[in-house]
Amino acid sequence: MSIFKKKPLGKCPRCGNVTHARWIKLGREIKCENCDFKLRVIVKRKQNLEDKKKPLGIVDTIEEAYGISMGIEIETYTIRISAGKYSIGYDDVVYPKEQVFEDGEIFTQDLTIGSEFNSPVFYQLYNAYFRLKASLRKYNVFQDKTEENVEKRICFMGTWLDAPAATHFHIGFGKDGIGEQDAEYIAQHVHSHLPFLIALSANSPILNNEITPIASNRLKEFPYCNPIAIKDFFKEYEKLSDYHFTEMNYNTFPGSGEDTKPPTLEIRVADSNIPEYCIACLAIIQAIVLKAIRKKKGKPVKPPNICDYDNYIEARNNAINDGSNAILCWNNKPAKVPKYIDKFFYFYKKELEEIEIPPKILDVFKYLKSGVNMADMIRESCSKMKEKNPANWENEFAKQYVSALEQNLEGNDLENFAGYLGIKLPNISKTILGETSFYSP
């Protein structure tokens, strides 16, 4: 019989709880008794898991033992509220009260900008979306005040003054992180998609208090995310740098004093942004990694999109400058953002279905396909407020932004966020992701 009784299977890859199951069937989905994480019973990989010193007998619903572990770092500007005035700045650090910290959350200081949040490790997008909003909400609801009569609010902008704020993504395979060779292999799959991630996450149209046409001034003006070269696939390629200020690196957290942090592949191209855009980027990365770890006849699969370095740089610059209107590159052929989205959702269909993207995150891609990302929303909102009130537009924008973000972190969607900024988003009720019309000339 395929049904058998067994001793505890091992530790849950999400919460570490020892999983006890009474009667189990091979291949049947079960749940962790502690956190409801979906698991699946296997036996054929047992020896392989032992070799890697991983807990035995359980995998999550994305096929590999442990699945893909993901973490997010978000740097933020600060809005100071005093005597009815709202001002956006940096070097102000906001902390929630320590009593509300949960396992895995780190509220810390970034030396460049001010406040920084490091997320717990995530394995599923639904969990990541919920936990990220709940964690960031603590900055507002449980703020640890240091000055009388001064309220502070975090503000997700890639730039506003003369300092950059970013979102960084960390990828590994469970609590042991990722080996350097595996990180180099995954980086090859991710590299050609980095311009798409830039176009998706761009959120710095304001620089030195000036409204600009540039989607990501952070990447255009600051040397903290330098491009790297990935050479011919499966042949010779440049070693992944452990130099920190590149668009991707192998991060071993040198000098951090954090013995609990495993090595990761760090992806650094995204601007600071609200949770919807962070999770949308994470969905793209997770799908790419999931396809990369699949095998075909025992050999690694070739990624659907590989671009030469010169074409990659051109697409990257286009994404930095033009954001949602950029001309990107798919297999060395130009592809506007809407066509690129359809190609990605078509060629990664299986992986995107497996990772279960929340509907509100799918809306992010639909708005992007319709020509709107966060940089467009911020630029349009600021332009409208400057037109109405040239002398005091920054104060008015910051005031509306505080309300918009509070509503967003309470669980409201992107349309609600845009509404508080005075923006009407396009109708996406008929927008389809993954259309095959890109096959036509």
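The values are calculated or read from the model by the stated rules, or taken from the named source; none is laboratory data. Keep in mind that this is a model prediction, so the values were computed, not measured. Virtual Cβ from ideal backbone geometry, glycine too; neighbours counted across all protein chains shown.
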Looking at (1) part of a loop (DSSP other than H, G, I, E, B); (2) of a type outside the set (A, V, I, L, M, F, W, C); (3) at pLDDT below 95, find the lone condition where residue 273 falls short. (3)
Matching residues in the stretch 231-251 - criterion: being at pLDDT 85 or above and not in a strand (DSSP E or B): 245, 247
Hey, residue 186 hydrophobic (A, V, I, L, M, F, W, C) and assigned to a helix (DSSP H, G or I) or not: yes
Which residue pairs have Cβ atoms under 6 Å apart, sit 6 or more places apart or on different chains, and have a first residue in the stretch 380-399 that is surrounded by fewer than 16 Cβ atoms within 10 Å (Cβ to Cβ) and a second that is part of a helix (DSSP H, G or I) and modelled with pLDDT of 95 or more? 389/396
Restricting attention to the stretch 166-182, which residues are within 27 Å of residue 274 (Cα to Cα) and in contact with a Phe, Trp or Tyr (Cβ under 6 Å, 6 or more places away or on another chain)? 173, 174
(1) modelled with pLDDT of 90 or more; (2) assigned to a loop (DSSP other than H, G, I, E, B); (3) under 19 Å from residue 358 (Cα atoms): which one isn't true of residue 72, the others all being true? (2)
Checking the structure you have, find out if any residue of the stretch 210-229 is of a type in the set (Ser, Thr, Tyr), closer than 24 Å to residue 117 by Cβ and modelled with pLDDT of 95 or more. yes
A careful count of residues in the stretch 95-105 that are surrounded by 14 or more Cβ atoms within 10 Å (Cβ to Cβ) and in contact with an Asp or Glu (Cβ under 8 Å, 6 or more places away or on another chain) gives 2
Helices (runs of 4 or more DSSP H) lying entirely in the stretch 344-406 (those with 2 or more residues that are of a type in the set (D, E, K, R), modelled with pLDDT under 95 and closer than 27 Å to residue 287 by Cα): 349-355
Somewhere in the stretch 310-317, is a residue modelled with pLDDT of 95 or more, farther than 30 Å from residue 182 by Cβ and of a type outside the set (S, T, N, Q)? no
Residue count, the stretch 368-378, condition buried (at least 21 other Cβ atoms within 10 Å of the Cβ) and either farther than 11 Å from residue 433 by Cβ or without any contact (Cβ under 8 Å) to a residue 60 or more places away in the chain (or both), comes to 7
